Every structure is written in structure tokens, then in C-alpha cells.
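**Q** Quick one: the structure is below, questions incoming.
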Amino acid sequence: MIAINDRESFTILLKVLQEKGYTVIGPTVQGQAIVYDKIDSIQDLPVGCGDEHRPGGYSLRKRGDGALFGYVVGPASFKKFLFPPSQKLWQAKRTKDGFDVQKEKKERFKMAFLGVRPCEIQGIMVQVQVFLKGNYVDSHYQKRRKDNLIIAVNCSEPGGTCFCTSMHTGPSAKAGFDLCLTEIIEEKRHYFVAETGSPGGEVILKEVPHCEASASELKHRDQIMDKAENLMGRTMDTSGIKELLYRNRDHPQWEKIAQRCLSCANCTMVCPTCFCSHVTEGTDLTAQDVQRVRSWDSCFTSDFSYIHGRHVRHSTSARYRQWMTHKLASWIDQFGMSGCVGCGRCITWCPVGIDITEEVRNIRLGSVPNPNDSAKGVHDEND
Amino acid sequence: MVIKKKQKSLPHKKYKPKLAVFKFASCDGCQLSLLDCEDELLAVTGEIEIAHFLEASRRVLDGPYDLSLVEGSITTPHDAKRIRDVRKISRTLVTIGACATAGGIQALRNFKDVKEFVSLVYARPQYISTLATSTPIVEHVPVDFELRGCPINKSQLVETISAFLQGRKPQTPTSSVCMECKRRGTVCVMVAQQMACMGPVTQDGCGAICPAYNRGCYGCFGPKETTNTESLAKWFLEMGMKKEEVMRTFRGFNGYAPEFRQESERQEMG
Ligand code: SF4
Ligand code: SF4
Ligand code: SF4
Ligand code: SF4
């Protein structure tokens, strides 16, 4: 375990990454929020900036210290860099007797993500499972992910809509990073405790001035991170959640949510794991040129469930139910993990503040009883 | 150049569909979007015979027309008859813009007594022949496709004409402005700055321009599919807006579109 002292060493870390050809992408302040974008120097980071999260509300605040990572998470996750919101898949030109697919120029993506929160690492891992595992590999995702470096920063101050403790994805990163930092601000010292998670991370750290972390530094970090576990703004009881949602397709709460839900799809757009897209093929006026484009889509739109001349999910209640059931239940069957990492974005960025943790509680309240409960006592959902 | 190549590959002169543009009560902004298609317009004239477009040319070819673009709403008895004539000579009739699809900003008169306006505005009200309401084209004749917006979006117009030429459905989403707002990476002005935004109930098509310029959506493209105006209005009130302000927010360029109309009336009455 290693301590990187002061901010100067941090400047060197950025330089090392840039010299190795990485585009560094990390937090910066834009449009009154923390936005992940290209970082050129330490000045681009949100120095001394914190953020407040509540259902349907967000604001920045001055922390009064020099923290580089003193906020919680940005509105948009790192998803947009690996799975772009809109992306040309291919383009073709008409020829005399058919069409010619245009050769794409080779693009190389070498991105270093800086300040990746533990829940966001899990968000990336979920999408890796979706796009890169199994029988079909998404070459577009693969291209972007291949040389991707992850520099995590643990969450010492979780926010008002966070619940990663419930989802077992944070607030300390356990795996999936190349380098993981914990930012520690003491009265007279500002330093980072670093941990490497891959040979790539070790190579980077070698070139940054550091020393072996002392026992007291490590103790301080552990104290901060232990405390953080209990600072979650929200909690979600996930016990038997898959069966709970499968059992409660007809729960009256779905209708109640639909009275508030705008089916605007913000929740799915900001979710780091939602992977749905639509593919459109557009022609120009002369029909000489055709492009196939993939764009983010959502189960909250009516077109999303359009099959054979009709929409399958007409009502907002059916759409919300699909969303929540996919995130928390059928995702487990589909990918062997939960589709929710507990980042809280869908709660903060829902224009009318609908809260997934509260809705799980509401579903539990009037739930259809579990038939196995009386027979078996505690039921293991995965058996 | 593209056009030349095309002509080479097609030895005999092909039939060029005839395009007409008609104007009713409107500001001409949507027709301007067609004129604004500078580069695309060259391709348009290569593919289509512009047979009736008074804003662009005095030359008028007789109907029938294959594709008629209709701008504006119906506000006079004369126009109510004229739109029926236009329909008769149009194979495909596409309405363009908020006026033609929802009655436009001039449909604000529908909520008041038009006679009062006339007597206030005109020196000799007896010369004014107007209907009590401004109504969308679809209330008068069957419409084949509606292109939303105030004004319409240039690329959606090109897409609609391209789709017409190739006999396919235009790709114009019916989902929320929010989706495009998020795709382009704008930070939500409603959540981060408590500005009223119509994005969650409005159909995308503009590319979420207003929030990108730090203001709320005005609802120019009208109600999206599955609108929940009641919930959004409630949230506006919780944000501290007055009922009157909420009413006015829904009563804009598309204020006469049924979903927005119902909400503004609810706010007005309740
Ligand atoms: S469902 Fe909500 S809390 Fe869970 S990962 Fe998605 S955005 Fe985050
Ligand atoms: S929750 Fe909806 S948008 Fe998200 S992955 Fe599932 S179906 Fe797609
Ligand atoms: S839950 Fe919220 S963000 Fe999601 S569709 Fe409904 S209103 Fe929009
Ligand atoms: S700014 Fe408006 S359009 Fe954009 S996400 Fe927020 S509510 Fe939707």
C-alpha cells in the first residue's frame, strides 16, 4: 500500500498518463454540475467542489477545502465513452449493381478514466458482461474498452441518493481497477492512499513519486471508509428481490407510480448499466448514401415495444414495471448479476423524483406472500 | 454532382414527383426551413419538381400534386374552404409546424372571445372576416403525416421528403425531449437549477436545443406519446410556480394540442 503525497505528485500522475498516450477523462465542472470530460491539468478537476443529491434535485456546493474528488458522482456516468449515445455503425454508397460499404478509418481509443467511483466500476463490469461476454461480442464496445485504464477513487462521502452499500458495490472498490485511490484531507496534509489492481496500474504508479504508506495513514483510510459505509442516503433491501418482483406483476403500486412517472426515460439514460439502443437506417434525398446509426433507447418509450403492428407496453405502469423488474430481477437471470449498482442517478435525475429504493419498499408492503416462506423459512432466491 | 451520377445510372428520364407548398395562418417560418435547406435543396430539385412554392418562385404548375406541405392553421371561412380544395389536388398531404398540427400560437384566441380582440385591434372591425377559433388542418381534412415544431426542424423535413421519395416511413421520434437532452450530455436544467422545463412531456425533434442554452423547453414540438402533464404540472407547483404560471407554460405554441389544452384548463379552473 502506497501513499501519494500532495497535489504535485498528482500533476505528475496526469503527465505520466498523457505521455503514455492516454486521453484522460475525469470530473470537471460544467453547466452547474460535475461532468466527466477530457482533463488536461489538475485545474480542470472540481477543486473544492461538492454536490448535493436528493430525489429530483441536485446542486453544487463549495466545500471550503482543496478536495479534488469531494463530490459524489456526475449526472452522466462513464457509459457515454464506452457506449456512445449515438454512433454510426456503418455507411454505404449505392453502386450500379448494389452497394459498397465504406471503409471506416481506424480509430484508436486509449482512454484513462480518472475518478471512477466503485459503483461506476461495477457499472462498467455489468456492461462488459452485456456487450463482451456470451456468444456475441459487440465490436464497437470492445474497441473502446480494449485499452481502457481505470483509476478509481473511493467514496469517502456518499451522497443523498447513494445506496451502494446495499448493492455491495461500494463505497470501497474491491476489484476492476488498475489503480485505486483514497483521498485523505487532514488539517495540514492532503494525500492519497493508492492501491494497484493490475500490472498496468503498477507501471503507472512506478513513475509517480510515492512512498510506502505508514500504519497510521492506512488506519486513517480504513476509518474513513468504514464510516462511509454507513453514510448512504438510501438503502435497499435486496433479499429475495428477484422472486419479489416476479411475484408482484399485478401489484397496485405500479399504477400509483404511473400517476407520477412521466415516461420521459431520464432514469434509463443516466443509468450506468442500461444498454438499450435502437438502430436506424437513414438515406439522403438521392438515396445514394445510407447510414446505419445506433442510439440510446429506453423501455420507457412506446416505440421500444413496437412489434408486428402494435405496441406491447402501452401504459406507463407496464413500462416502469419492465424497467424495475429488469434492473433488479430478470437481469440476474439474464446476466448473473444485478442491473443496479446503487449509484442513485435515477433518483436524483428523475424530473419528478421517483425513488427506486422507496418503490421497492412499496412493493414489499402489499406484496403477494411468498409461497415458500411458510414451508422453508428463509428462502434462498438463487436455488 | 451526386445528381449527375444518378442520371448516368438511369438512362431514361424518370418521373419527378410534384411538390407543392401551401400557406394558411402562419408566420412563414416553416416554409423558410425548406428554403434554408441550401445544399439539400439542390438535391430536392433534382428529385422533385417544385410545382407550387410561392415563397420561392412565381412559377406555378397545375395540380394534382404528389406531395403537399401545408403550413398554417385555419382561421377564416375562406381558408376552411381552401384547405378542402388543397386536399382534393394532393396525393399526400403533410402538415408542417405547430400552426398546422395544433393551431399555433394564434390558437390562444380559442380560449377567449375573438370578437373582443377584433374590436380592440382593428379600427373597422366590420371588415374582419374571421372564425372564432384557430384550428389544426386535421380538424378539416384527412392528413397523411404531421411534422411537428415551431418552427419545424430542417433535418426532419429532409428526412420526411426522403422517406416520401423512397416510399418508407419517416424516422421522426415520438419520445421525450429529455432523451435527446441526455444523449447530447446537457445537464438537466430542471433538476440542477429548478427551471420549469416542458421536455418530459414534449416530443423530441429539435435536438433539445433550449436546455443546451440553459433554459427550459417551451414545448415547441407538442405533446410526446404518453404524456403525463398532470404529474409535471404538480411538480411545477411544488417547485414554487403559481397556478397562473403553470397554466401559461402549457398554453404556448402548442397550447391547443389536446394534452396541453387539458392541462392548462385544469390549472385555470382548479
Ligand atoms: S437503477 Fe438507478 S441506482 Fe441503480 S444503477 Fe441504475 S441509475 Fe444507478
Ligand atoms: S431497464 Fe429498460 S432501458 Fe434499461 S436495460 Fe432494461 S430494458 Fe433496457
Ligand atoms: S421514473 Fe422518473 S425519470 Fe424515469 S421515466 Fe419516470 S419520470 Fe422519467
Ligand atoms: S432539461 Fe428539460 S428536457 Fe432536458 S432532461 Fe431536464 S427536463 Fe428533460
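The values are calculated or read from the model by the stated rules, or taken from the named source; none is laboratory data. Please read all numbers here as calculations on a predicted model, not as lab measurements. Heads up, the Cβs are rebuilt from the backbone with ideal geometry, glycines too, and the neighbour counts pull from every protein chain shown. These accessible areas exclude ligands, DNA and RNA; they are computed on the full protein's heavy atoms, side chains included. Shrake-Rupley method; radii C 1.70, N 1.55, O 1.52, S 1.80 Å.
**Q** Quick check on the range A:267-294: of everything there that is aliphatic (A, V, I, L, M) and more than 25 Å from A:Met337 (Cα to Cα), which residue is most open to solvent (accessible area, probe 1.4 Å)?
**A** Residue satisfying both the conditions and the ranking: A:Val279.
**Q** Can you say whether B:Pro151 is more than 11 Å from chain A (Cβ to nearest Cβ) and farther than 21 Å from A:Ser302 by Cα, as far as the supplied structure shows? So that I can check it myself, show each step before the final result.
**A** Values: more than 11 Å from chain A (Cβ to nearest Cβ): yes; farther than 21 Å from A:Ser302 by Cα: yes.
For B:Pro151, the condition - more than 11 Å from chain A (Cβ to nearest Cβ) and farther than 21 Å from A:Ser302 by Cα - is met.
**Q** Continuing with the same structure: Only one of B:Tyr218, B:Tyr213 is more than 16 Å from ligand 1 (Cβ to nearest atom) and closer than 18 Å to B:Glu245 by Cα. Can you tell me which? Steps first, please.
**A** Numbers: B:Tyr213 fails: closer than 18 Å to B:Glu245 by Cα.
Answer to the check: B:Tyr218.
**Q** Pull up the range B:236-257, narrow it to residues that are in contact with a helix residue (DSSP H, G or I) (Cβ under 9 Å, 6 or more places away or on another chain) and open to solvent by 50 Å² or more (accessible area, probe 1.4 Å), then point me to the one that is nearest to the other protein chains (Cβ to nearest Cβ).
**A** Residues of the range B:236-257 that are in contact with a helix residue (DSSP H, G or I) (Cβ under 9 Å, 6 or more places away or on another chain), as a first pass: B:236-237, B:239, B:241, B:243-257.
Next, only the ones that are open to solvent by 50 Å² or more (accessible area, probe 1.4 Å) stay: B:237, B:239, B:243-245, B:248, B:253.
Details: B:Leu237: 12, B:Met239: 9, B:Lys243: 18, B:Glu244: 21, B:Glu245: 17, B:Arg248: 19, B:Phe253: 20 Å.
Going through the qualifying residues, I end up with B:Met239.
**Q** So how many residues does the range B:190-214 have that are more than 20 Å from A:Trp296 (Cα to Cα), more than 15 Å from ligand 3 (Cβ to nearest atom) and in contact with a helix residue (DSSP H, G or I) (Cβ under 7 Å, 6 or more places away or on another chain)? First the steps, then the outcome.
**A** Within the range B:190-214, the first condition is being more than 20 Å from A:Trp296 (Cα to Cα), and the residues that meet it are B:190-198, B:210, B:213-214.
Then keep just the ones that are more than 15 Å from ligand 3 (Cβ to nearest atom); that gives B:193-196, B:210, B:213-214.
In the following step, the residues that additionally are in contact with a helix residue (DSSP H, G or I) (Cβ under 7 Å, 6 or more places away or on another chain) were identified as B:195-196, B:214.
Total meeting the criteria: 3.
**Q** Separate question: Would you check if A:Gly21 is surrounded by fewer than 16 Cβ atoms within 10 Å (Cβ to Cβ) and at pLDDT 95 or above? Show your work before the answer.
**A** On the way: surrounded by fewer than 16 Cβ atoms within 10 Å (Cβ to Cβ): yes; at pLDDT 95 or above: yes.
Criteria met by A:Gly21.
**Q** Oh, and also: Can you find a residue in the range A:35-51 that is within 12 Å of chain B (Cβ to nearest Cβ), under 17 Å from the mean Cα position of the chain (by Cα) and open to solvent by 20 Å² or more (accessible area, probe 1.4 Å)?
**A** The answer is yes; a qualifying residue exists.
**Q** Here is a further query. Does any residue of the range B:237-254 turn out to be at pLDDT 95 or above, within 16 Å of ligand 3 (Cβ to nearest atom), of a type outside the set (A, V, I, L, M, F, W, C) and on the phi < 0 side of the Ramachandran plot?
**A** There is at least one residue in the range B:237-254 that is at pLDDT 95 or above, within 16 Å of ligand 3 (Cβ to nearest atom), of a type outside the set (A, V, I, L, M, F, W, C) and on the phi < 0 side of the Ramachandran plot.
**Q** If A:Gly309 satisfies every condition in (1) facing chain B (nearest Cβ under 10 Å); (2) open to solvent by 10 Å² or more (accessible area, probe 1.4 Å) but one, which is the exception?
**A** That leaves (1) as the condition not met.
**Q** If you don't mind, another one. In the range B:162-172, which residue that is over 14 Å from the mean Cα position of the chain (by Cα) and open to solvent by 10 Å² or more (accessible area, probe 1.4 Å) is nearest to ligand 3 (Cβ to nearest atom)?
**A** Of the range B:162-172, the ones over 14 Å from the mean Cα position of the chain (by Cα) are B:162-171.
Applying the additional criterion that residues be open to solvent by 10 Å² or more (accessible area, probe 1.4 Å) yields B:164-171.
Values: B:Phe164: 33, B:Leu165: 36, B:Gln166: 34, B:Gly167: 35, B:Arg168: 30, B:Lys169: 25, B:Pro170: 25, B:Gln171: 22 Å.
It comes out as B:Gln171.
**Q** In this structure, is A:Leu149 free of Cβ contacts under 8 Å to residues at least 40 places away in the same chain and closer than 30 Å to A:Glu202 by Cβ? Please lay out each step first, then the result.
**A** Numbers: free of Cβ contacts under 8 Å to residues at least 40 places away in the same chain: no; closer than 30 Å to A:Glu202 by Cβ: yes.
For A:Leu149, the condition - free of Cβ contacts under 8 Å to residues at least 40 places away in the same chain and closer than 30 Å to A:Glu202 by Cβ - is not met.
**Q** May I pose another question? Return yes or no: is A:Arg364 surrounded by 16 or more Cβ atoms within 10 Å (Cβ to Cβ), within 27 Å of A:Leu231 (Cα to Cα) and within 16 Å of ligand 4 (Cβ to nearest atom)? Show your work before the answer.
**A** Details: surrounded by 16 or more Cβ atoms within 10 Å (Cβ to Cβ): yes; within 27 Å of A:Leu231 (Cα to Cα): yes; within 16 Å of ligand 4 (Cβ to nearest atom): no.
It is false that A:Arg364 is surrounded by 16 or more Cβ atoms within 10 Å (Cβ to Cβ), within 27 Å of A:Leu231 (Cα to Cα) and within 16 Å of ligand 4 (Cβ to nearest atom).
**Q** Same structure, new question: Select the helices (runs of 4 or more DSSP H) contained entirely in the range A:196-272, then report the ones holding at least 2 residues which are more than 16 Å from ligand 1 (Cβ to nearest atom) and within 14 Å of chain B (Cβ to nearest Cβ). Spell out the reasoning first.
**A** Values: elements: A:199-206, A:215-229, A:241-247, A:253-260, A:266-270.
It comes to A:253-260.
Each row is one residue, and each column tells you yes or no for (1) open to solvent by less than 40 Å² (accessible area, probe 1.4 Å); (2) in contact with a Pro (Cβ under 6 Å, 6 or more places away or on another chain); (3) within 30 Å of B:Glu47 (Cα to Cα).
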| site | (1), (2), (3) |
| --- | --- |
| B:Arg183 | yes, yes, no |
| B:Ala192 | yes, no, no |
| B:Asn214 | no, no, no |
| B:Glu230 | no, no, no |
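**Q** Are there any helices (runs of 4 or more DSSP H) wholly within the range A:282-377 with 3 or more residues that are within 16 Å of ligand 2 (Cβ to nearest atom), and if so which? Let's see the steps before the verdict.
**A** Details: elements: A:316-325, A:331-335, A:345-348, A:356-365, A:371-376.
Once the helices (runs of 4 or more DSSP H) in the range A:282-377 are filtered for at least 3 residues that are within 16 Å of ligand 2 (Cβ to nearest atom), what remains is A:316-325, A:331-335, A:345-348, A:356-365.
**Q** Does the range B:223-235 include one or more residues that are in a loop (DSSP other than H, G, I, E, B), over 22 Å from A:Cys267 (Cα atoms) and at pLDDT 95 or above?
**A** Filtering the range B:223-235 for residues in a loop (DSSP other than H, G, I, E, B) gives B:224-228.
So of that shortlist, the ones also over 22 Å from A:Cys267 (Cα atoms) come out as none.
The answer is no, given that none of the residues of the range B:223-235 is in a loop (DSSP other than H, G, I, E, B), over 22 Å from A:Cys267 (Cα atoms) and at pLDDT 95 or above.
**Q** To continue, here is another question. Any idea which residue in the range A:189-209 is most open to solvent (accessible area, probe 1.4 Å), counting only those that are touching a Phe, Trp or Tyr at 6+ places or on another chain (Cβ under 8 Å) and small (Gly, Ala, Ser)?
**A** If we take residues in the range A:189-209 being touching a Phe, Trp or Tyr at 6+ places or on another chain (Cβ under 8 Å) and small (Gly, Ala, Ser), then A:Gly197 is most open to solvent (accessible area, probe 1.4 Å).
**Q** Among (1) within 14 Å of another protein chain (Cβ to nearest Cβ); (2) part of a helix (DSSP H, G or I); (3) open to solvent by less than 20 Å² (accessible area, probe 1.4 Å), where does B:Glu159 come up short?
**A** Exception for B:Glu159: condition (3).
**Q** Give the residues of the range A:56-80 that are over 18 Å from A:Ser298 (Cα atoms) and within 11 Å of chain B (Cβ to nearest Cβ), sorted by residue number.
**A** The answer is A:Gly56, A:Gly57, A:Tyr58, A:Ser59, A:Leu60, A:Gly74.
**Q** What's the total number of residues in the range A:15-28 that are out of contact with any strand residue (DSSP E or B) (no Cβ under 6 Å at 6 or more places or on another chain) and not in a loop (DSSP other than H, G, I, E, B)?
**A** Step one: filter the range A:15-28 for residues out of contact with any strand residue (DSSP E or B) (no Cβ under 6 Å at 6 or more places or on another chain), giving A:15-16, A:18-21.
In the following step, the residues that additionally are not in a loop (DSSP other than H, G, I, E, B) were identified as A:15-16, A:18-19.
Number satisfying all stated conditions: 4.
**Q** While we're here: Counting only residues that are in a loop (DSSP other than H, G, I, E, B), touching a residue at least 24 places away in the same chain (Cβ under 8 Å) and farther than 18 Å from A:Gly74 by Cα, which one in the range B:170-202 is nearest to the other protein chains (Cβ to nearest Cβ)?
**A** Top of the filtered list is B:Ser175.
**Q** Only residues that are out of contact with any Phe, Trp or Tyr (no Cβ under 9 Å at 6 or more places or on another chain) and open to solvent by 10 Å² or more (accessible area, probe 1.4 Å): list them for the range A:243-265, please.
**A** Of everything in the range A:243-265, those that are out of contact with any Phe, Trp or Tyr (no Cβ under 9 Å at 6 or more places or on another chain) and open to solvent by 10 Å² or more (accessible area, probe 1.4 Å) turn out to be A:Glu243, A:Tyr246, A:Arg247, A:Arg249, A:Asp250, A:His251, A:Pro252, A:Gln253, A:Glu255, A:Lys256, A:Gln259.
**Q** Right, next: Looking only at the range A:313-365, filter to residues that are within 14 Å of another protein chain (Cβ to nearest Cβ) and free of Cβ contacts under 8 Å to residues at least 40 places away in the same chain; which one of those is farthest from ligand 1 (Cβ to nearest atom)?
**A** A:His314
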